[in-house]
Amino acid sequence: MRNILLTQSRLFTAAIAASALALPVAAQTTGAGVAAAPAAPVAMASAPAAPTPAAPPRAAAAEGYRLGPDDEVKVFIYGQPDLSVTTRVKADGTIRLAMLGAVDVRGKTTAELADTIAAGYAKGGYLERPSVNVEVSQFVSRFVTVLGNVPQAGNYPLDRPYTVAGMLARAGGATATGANAVILTPADGSGPVRISLAEMNAGASRPLAPGDILFIPPAEKVYVYGQVQSPGAFTFVPGQTFRQALALAGGPTLAGSTKRIKVRRAGKEVEGLNLDDPVKPEDVLVIREKLF
């Protein structure tokens with residue numbers, strides 16, 4: 001009996017020991033989840049060295065834009081609200097910043113200006129590893145003028161690379177009364193160039209430069225008179241034939257003859273043309289009477 005009690009006592013003691021040993025195992029498992037947390041402070045310790053990823057990205061529209069007089073810029077220095085400012089570029093191409101004084105911005109992109117400002121504060125010992133963001137709030141110095149038969153004529157900033165077609169699309173495209181062509185007057189003084197919007201590879205994909213002027217003239221006309229149902233002026237379409245122009249006028253009357261047509265071009269009568277020949281802008285088509 002005594003041996004049995006001793007054996008039971010030993011078993012009870014072993015069970016308690018097993019429970020005591022089980023507790024550290026559970027704590028270690030939990031601690032493994034906690035142990036991952038202390039790794040975060042290690043990563044966070046390097047976070048001050050990389051505050052830039054947390055910063056709002058620069059506006060994509062402004063990255064290729066070259067600053068000039070009268071542009072308005074927003075300079076934001078992270079963690080330094082007293083040094084952040086919204087200012088306009090002066091006529092001499094500079095802006096004034098606290099402690100740095102006049103900073104030359106002419107011809108710089110926003111990214112280049114941000115690097116210049118950061119380098120200035122770091123070199124002067126004012127800030128350690130400053131993070132600077134610059135955005136253009138008003139584009140003024142670099143623009144293209146769009147005039148004529150467009151829904152939204154005006155000055156448009158070159159806040160990104162634009163082609164002739166791209167800028168016209170931004171202005172709403174040609175109106176119903178506008179021609180299917182644009183006159184480009186380059187800022188370099190090389191002289192006006194007429195570009196057909198129907199031939200994209202011929203000039204509509206041409207890049208624009210600051211100071212360029214785009215003008216959409218009124219739509220060119222073709223005139224149909226004589227023995228037709230609805231004589232008048234009709235919008236010229238590239239590739240149009242005299243037969244198509246005649247259809248716009250409702251076709252010939254019963255007294256009209258499609259074999260007896262007369263065409264006047266640039267004030268002169270043109271011989272040897274038929275209804276399947278192409279029309280040119282401002283042509284005058286006359287359908288004459290049949291000969292009975």
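Structural remarks
- Under the criterion of Cα pairs below 8 Å and six or more residues apart, the relative contact order for region 183-251 equals 25 percent.
- Residues K262 and S196, FRET efficiency given R0 of 30 Å [Cβ-Cβ distance, rounded to 0.05]: 0.60
- Accessible-area composition of region 204-286, carbon plus sulfur, in percent [1.4 Å probe]: 56
- Alpha-carbon Debye profile of region 84-181, log10 I(q)/I(0) at 0.11, 0.12, 0.18, 0.24 Å⁻¹: -0.49, -0.55, -0.85, -1.23
- FRET E, pair E271, R206, Förster distance 41 Å, beta-carbon r, rounded to 0.05: 0.60
- With R₀ set to 22 Å, the beta-carbon distance separating A102 from E72 gives a calculated FRET efficiency near 0.85.
- With the simple model of a label 7 Å out from the Cα in the direction of the Cβ, Q80 to Q138 spans 2.6 nm.
- Calculated log₁₀ intensity ratio I(q)/I(0) where the Debye formula runs over C-alpha points of region 116-243, q = 0.22 Å⁻¹: -1.22
- Residues in region 103-124 that a label on A187 would reach, taking backbone N under 12 Å of a point 7 Å out along Cα→Cβ: 107
- Too-long pairs where the Cα-Cα distance tops 21 Å, listed order kept, from K90/K123; K221/K259; K221/K262; K221/K290: K90/K123; K221/K259; K221/K290
- Segment T235-A153, length gained on full extension (0.36 nm per residue, minus Cα span): 27.3 nm
- With each label modelled as a point 7 angstrom along the Cα→C-beta vector, the R129-A176 pair spans 6.3 nm.
- Ligands, DNA and RNA are left out, and with a 1.4 angstrom probe the accessible area of region 153-292 is 54 Å² per residue.
The values are calculated or read from the model by the stated rules, or taken from the named source; none is laboratory data. A quick note: this is a predicted structure, and the numbers were derived from the prediction, not measured. Using ideal geometry, Cβ is built from the backbone for each residue, glycine included, and neighbour counts are taken over all protein chains shown. Calculation scope for accessible area: heavy atoms of the full protein, side chains included, ligands and nucleic acids excluded. Shrake-Rupley method; radii C 1.70, N 1.55, O 1.52, S 1.80 Å.
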